[in-house]
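The values are calculated or read from the model by the stated rules, or taken from the named source; none is laboratory data. Here the structure is a predicted model, which means the values were calculated and not measured. FYI the Cβ positions are ideal-geometry reconstructions off the backbone, even for glycines, and counts take in every protein chain you see. Heavy atoms of the whole protein, side chains included, go into the accessibility calculation; ligands, DNA and RNA do not. Shrake-Rupley method; radii C 1.70, N 1.55, O 1.52, S 1.80 Å.
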There are 6 protein chains.
Amino acid sequence: MKVCRRETFNSAHRLFNPDWSDEKNFEVFGKCSNPNFHGHNYVLETWVEGDIDSETGYVIDLKYLKDIIRNEICERFDHRNLNLDCVEFHSLKPSAENIALVIWNILRTHLDNRYKLSVRLWETENNSVEYSGH
Amino acid sequence: MKVCRRETFNSAHRLFNPDWSDEKNFEVFGKCSNPNFHGHNYVLETWVEGDIDSETGYVIDLKYLKDIIRNEICERFDHRNLNLDCVEFHSLKPSAENIALVIWNILRTHLDNRYKLSVRLWETENNSVEYSGH
Amino acid sequence: MKVCRRETFNSAHRLFNPDWSDEKNFEVFGKCSNPNFHGHNYVLETWVEGDIDSETGYVIDLKYLKDIIRNEICERFDHRNLNLDCVEFHSLKPSAENIALVIWNILRTHLDNRYKLSVRLWETENNSVEYSGH
Amino acid sequence: MKVCRRETFNSAHRLFNPDWSDEKNFEVFGKCSNPNFHGHNYVLETWVEGDIDSETGYVIDLKYLKDIIRNEICERFDHRNLNLDCVEFHSLKPSAENIALVIWNILRTHLDNRYKLSVRLWETENNSVEYSGH
Amino acid sequence: MKVCRRETFNSAHRLFNPDWSDEKNFEVFGKCSNPNFHGHNYVLETWVEGDIDSETGYVIDLKYLKDIIRNEICERFDHRNLNLDCVEFHSLKPSAENIALVIWNILRTHLDNRYKLSVRLWETENNSVEYSGH
Amino acid sequence: MKVCRRETFNSAHRLFNPDWSDEKNFEVFGKCSNPNFHGHNYVLETWVEGDIDSETGYVIDLKYLKDIIRNEICERFDHRNLNLDCVEFHSLKPSAENIALVIWNILRTHLDNRYKLSVRLWETENNSVEYSGH
């Protein structure tokens, strides 16, 4: 049985590779490399898989899961500049893939090992990624 | 090949454990334990996996699947109080997890064994569960 | 300039007219008259019209508007039985129309007179109402 | 790590089996067998699974994936009659299942073998299919 | 007080002007003039404005409104070719604007004069029209 | 008859008043005043009201309207920092209200006077504004 909680956060970011010229960055990342940043409303689905607790009928209390997501993810990334404000992306490009990876790693440390964890992240209504661990 | 049919039903429910005090119920279930019930618009996705029939191009006729879902699930739960009106939840807490489990078990008996079955159930736009059998 | 804030609440309710027989109630309200209630995820859009304040760029601070809606509407109706728990509906049928009317009247008292107010309420994804005052 | 791109196309189609009588076609396919066709706004999610490239932070450049989908799928099927205009469906019924199968086979030839590929196709908001290869 | 019912229908159509050459039709209507048609999932919102009936709490019974829309609009246009199957469009181009106009005129004859009527029609998720009468 | 085209753009921005201290800015704008910016996926509906042209069945060619919106609005604001990159907001706070006002004024100059114009802009799924001119 899997349960899913959906939360959102709004951030600025920029995609560029400091080892490359501005021309190569623009060639690869297009307008995503704009030096002054752009931004997104990120939508995050957090999926937790486990057994139903017969006393509560829950796999995990979704209010508890919501609190973890809000405290550990939204507080960290919402209304931030991922490149400048967030230490997680000082040496890692804040692509949707890497943001999902970082989120998965953070949430993993806050969930009991008996749970499987998967995250899906929408950067726009047309672009999304999903990560379930290695 | 998987096919999916989406249907909805609107029900009242309450989460509480009769073995616990009102205080403990409120502590665990919060306002979901309100004695006079609250309610949701449940959204149900039913996923059926199988081979394509070359005569029809269908895995399963979605009109046939729709009829099963409406007759066996929506007729049973729509505009009902899950706790009071539905025998399935007289001794089982109507959490989203348990509702999905009950729905899966009902639908399983109405589908040929050559099909795999999975259900996803949204309780709100932010909370959902998924069950694919044991 | 109009601004809009969207919030949700989840409630149980029942439609019936105490002056009518059960048969007439079922004839008019159908399964909405189920004695044990059913429920909905209500979606509420609150529209406020006014001039832009040049110091803030806001018509009204949407965080302030959100707080009013959550404190005055969601606190009152979320995870409640509208018929049993909410004095507003002791002598008023909790149809979507009347819920919107009640919400409009409550919000009106909390907003400065220089603002025009309108509310849209979805009972299901297919049924909604809108009220802009008399 | 999986990434997903969502695109749409609008097509006319008709479901019928040329080996059957009109009566049998109507019995099996209902109004989907209307001789003059009907149509849908198809929504296509293309899922690609692979490793993150450390230089770009991408599994695959979504602009590149978007171009493949638009050039190979949307150009072929958008504003077309699938039965009459599209050679892929001259001897294959354009059911959602078969459309997804055809799309998967086309996209597969345009993606490096190191990627896994999956497609999800909505024919209506209530009916969808998913195919991940054989 | 306004109430709204949402329904859908799926149709094929083609935009072309019989007084023009194929070249001019393609110049003006682009791929919408494809001779073999294309199609859409149309989404229709029907808005009815009136006073609340104190006995029911309704402006109009939405089940009654739903039946009118399904019988008079969906039955007529769903799984049809608007150009070939529907007499309403034999001499009128089935643009979204004209479809909305035709729907408004049909529904108007089925609603009491004390109601105001407005329709909104989505042809795609990005294109829609709205008509409230002349 | 009104027609509507929906487009999107993704931008970074920051709300702050240069006449105020950082403390007052944080007090009024909260985390929206973060010096390093944050961002949004803006969704823009452009509504144009006019008469149906009998030769085309259109109020306005939505492809033509789409091109105006993409060339004049999306090109200007998509993947930009509204505060730093866009001259329109050098002395105007980029609140949703002011962005809608600026968009309306730009689009107004590109549309024939016989059309009425209205824009709706979503900053998040819960916050939106609407402007129809003065």
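Assorted remarks:
- The residues of region C:20-44 that are at the interface with chain B (Cβ under 7 Å from one of its Cβ atoms) and hydrophobic (A, V, I, L, M, F, W, C), listed by number, are C:32, C:37.
- Within region B:100-134, the set of residues being assigned to a loop (DSSP other than H, G, I, E, B) and more than 20 Å from residue B:75 (Cα to Cα) comprises B:112, B:113, B:114, B:115, B:124, B:125, B:126, B:132, B:133, B:134.
- Residues that are closer than 23 Å to residue B:43 by Cα and modelled with pLDDT of 95 or more do occur in region C:57-74.
- One residue alone among B:31, B:2 is open to solvent by 50 Å² or more (accessible area, probe 1.4 Å) and in contact with a His (Cβ under 9 Å, 6 or more places away or on another chain), and that residue is B:31.
- Hey, residue E:116 open to solvent by 50 Å² or more (accessible area, probe 1.4 Å) and not small (Gly, Ala, Ser) or not: yes
- Hits in region E:72-98 (condition: out of contact with any Phe, Trp or Tyr (no Cβ under 7 Å at 6 or more places or on another chain) and within 14 Å of chain F (Cβ to nearest Cβ)): E:88, E:89, E:90, E:91, E:92, E:93, E:94, E:96, E:98
- Qualifying positions in region D:29-73 - assigned to a loop (DSSP other than H, G, I, E, B) and among the small types (Gly, Ala, Ser): D:50, D:54, D:57
- Filtering region D:58-100 to residues that are aromatic (Phe, Trp, Tyr) and either farther than 23 Å from residue D:33 by Cβ or open to solvent by 30 Å² or more (accessible area, probe 1.4 Å) (or both) leaves D:58, D:64.
- Residue count for region A:48-57, restricted to those that are facing another protein chain (nearest Cβ under 9 Å) and open to solvent by less than 30 Å² (accessible area, probe 1.4 Å): 2
- Odd one out for residue D:81 among (1) within 24 Å of residue B:4 (Cβ to Cβ); (2) in contact (Cβ under 8 Å) with a residue 60 or more places away in the chain; (3) of a type in the set (S, T, N, Q): (1)
- Some residue of region E:78-87 being of a type in the set (D, E, K, R) and touching a Gly at 6+ places or on another chain (Cβ under 9 Å): no
- Inclusion of residue C:125 among residues that are open to solvent by 50 Å² or more (accessible area, probe 1.4 Å) and at pLDDT 95 or above is warranted.
- Among the residues of region B:34-44, those identified as surrounded by 20 or more Cβ atoms within 10 Å (Cβ to Cβ) and free of Cβ contacts under 8 Å to residues at least 40 places away in the same chain are B:34, B:38, B:39, B:41.
- Members of region B:8-28 found to be open to solvent by less than 70 Å² (accessible area, probe 1.4 Å), within 20 Å of residue B:81 (Cα to Cα) and outside any strand (DSSP E or B), listed by number: B:14, B:15, B:16, B:17, B:25
- Residue F:111 under 11 Å from the mean Cα position of the chain (by Cα), more than 10 Å from chain A (Cβ to nearest Cβ) and surrounded by 15 or more Cβ atoms within 10 Å (Cβ to Cβ): no
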